[in-house]
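Comments concern the structure below.
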Amino acid sequence: MIALTPCNSKMLQAFGYDTATQTLAVRFGPGKVYHYKDVPQDIADKMRDAESVGTCFAANVRNAFQFEVVVDEQAAAMPNALASTCG
């Protein structure tokens, strides 16, 4: 699992990068994380340093790299945790 760092963006909630696999992980909302494959380190660095993460993502990643949708384990675990405390 790639660690995600929250960001101040209207488009993205959080993102992270795995240098070993060159995978950029992006969470747009709760429940799903998108793994963009073969993203060069410099693009991940641009996103990290960008004034607008969403604009940087749209210009450099969206429609440029293949992706797969994975379950956001952190968000998926939340309903279970709430159910166990509300019963």
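The values are calculated or read from the model by the stated rules, or taken from the named source; none is laboratory data. Everything numeric here is computed off the predicted structure, so don't read it as measured data. Here the Cβ positions follow ideal geometry from the backbone for every residue, glycine too, while neighbour counts run over all protein chains shown.
Results, tabulated for the structure shown:
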item	result
Hits in the range 1-38 (condition: touching an Asp or Glu at 6+ places or on another chain (Cβ under 7 Å) and basic (Lys, Arg))	Arg27, Lys32
All positions within the range 36-51 that are surrounded by 19 or more Cβ atoms within 10 Å (Cβ to Cβ) and either outside any loop (DSSP other than H, G, I, E, B) or in contact (Cβ under 8 Å) with a residue 60 or more places away in the chain (or both)	Tyr36, Ile43, Ala44, Met47
Selection within the range 15-32 - modelled with pLDDT under 95, not basic (Lys, Arg) and not in a loop (DSSP other than H, G, I, E, B)	Phe28, Gly29
